[in-house]
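Peer 1: Here you go, one structure.
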Amino acid sequence: MPHQHGQGPAQQGPQPLPGVDAIIAVGSGKGGVGKTTLAVNLAVALANMGHQVGLLDADVYGPNVPLMLGVNSQPRMAGENRIEPLEAYGLKVISVGFLNPGDKPIIWRGPMLHQIVRQFLGLVEWGHLDYMIVDLPPGTGDVALSLVQTVPLTGAVVVSTPSDVSLQDARKAIEMFRQMKVDLVGVAENMSYFVCPHCQHETDIFSRGGAEKMARQFGVPFLGSIALDLEVRKAGDGGRPVVLEGENSPHAKSIFEFARRVVDRVAEIKASTPASVIQIQ
């Protein structure tokens, strides 16, 4: 099928979402680094801090947000061609997992991915949001590109573990966002260390500090180190994110610190955005 120029909204460039103040993508160079766990807990922490928050699960190949939030209903239609997001723990949530439950894989080509991203952004009744968190698939593929082409992103968070393999791919994610002219909110080091629940000794299972060093090398803010914690995993698998334990919980404290750094960085980015750019958006 020949490529057609200048047709349809996909060719218009990014269009802002009315009522959404900040759109933050959470990405990683590779899978298995806890990106979705951090995206979900970041969203719930922001809601816990009193913000209006939406969570868009754009990880179409492995939509784990429904499991981590304990939600498995199908969204309702709100009028013609409008979708009501589901609600969980103060969040408005949409996920491919709500539309394709169970173990059937999603096998989509690029144009179909672009269409679902546009629909989740433009057809869902998000209402007013202080923050929309977008959980991207791992890697540097079509979904991230579609997101950037559809809406003006406020910034991106890159999640990595301290291991060399993870850092190698996280560098590619940073470069991808830079090439797409997306501000880097910063880098978070997940599974940074393990605290023995019996003797409280800290062990650096995947090494430690690599993501902070990488952030310095790239001139990108470092958003904090988050422990490899059994309680975080159990909470996610149980559909009740660990940040619901509150800021004083030893299992949630570092995630709340990470969330506060994200809030501060987003404020910095928005303050440094020229008025002319805001008007264009």
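Peer 1: How many nm separate the modelled label positions at A78 and R216, each set 7 Å beyond the Cα in the direction of the Cβ?
Peer 2: About 4.7 nm separates the two model spin labels.
Peer 1: So, one more: Determine, for the stretch 20-270, the count of lysine pairs separated by eight or more sequence positions (or lying on different chains) whose alpha-carbon distance falls under 25 Å.
Peer 2: Going through the stretch 20-270 pair by pair, I get 25.
Peer 1: If I model a spin label as a point 7 Å beyond the Cα along the Cα-Cβ vector, how far apart are those points for R178 and V165 in nm?
Peer 2: Spacing of the two 7 Å Cα→Cβ label points: 2.5 nm.
Peer 1: Which three extents, in whole angstrom, do the alpha-carbon atoms of the stretch 22-107 cover along their principal axes, largest first?
Peer 2: Sorted from largest, the Cα extents of the stretch 22-107 read 35, 35, 22 Å.
Peer 1: Average projected area of the Cα convex hull of the stretch 20-270, in nm²? Intermediate values should be presented prior to the final figure.
Peer 2: Values: hull surface 51.5 nm².
Quarter of the Cα hull surface area: 12.9 nm².
Peer 1: Lys/Arg Cβ at +1, Asp/Glu Cβ at -1, dipole of the stretch 20-270 taken about the Cα centre: which of G238, P152, N248 is farthest positive-ward?
Peer 2: P152
Peer 1: Quick one: 3J(HN,Hα) in Hz for the stretch 41-47, Karplus 6.51/-1.76/1.60 with θ = phi - 60°, rounded, Gly and Pro as x.
Peer 2: The phi angles translate into 5, 4, 4, 5, 4, 4, 5 Hz.
Peer 1: In debye, nearest 20, what is the charge dipole magnitude of the stretch 20-270 about its Cα centre with +1 on Lys and Arg Cβ and -1 on Asp and Glu Cβ, if you could check?
Peer 2: Numbers: 23 positive and 27 negative charges, 92 e Å.
Roughly 440 debye for the stretch 20-270.
Values in this text are rule-based calculations from the coordinates and carry no lab data. All of these numbers come straight from a predicted model, not from anything done at the bench. Every residue, glycine among them, receives a Cβ derived from its backbone with ideal geometry; neighbour counts consider all protein chains shown.
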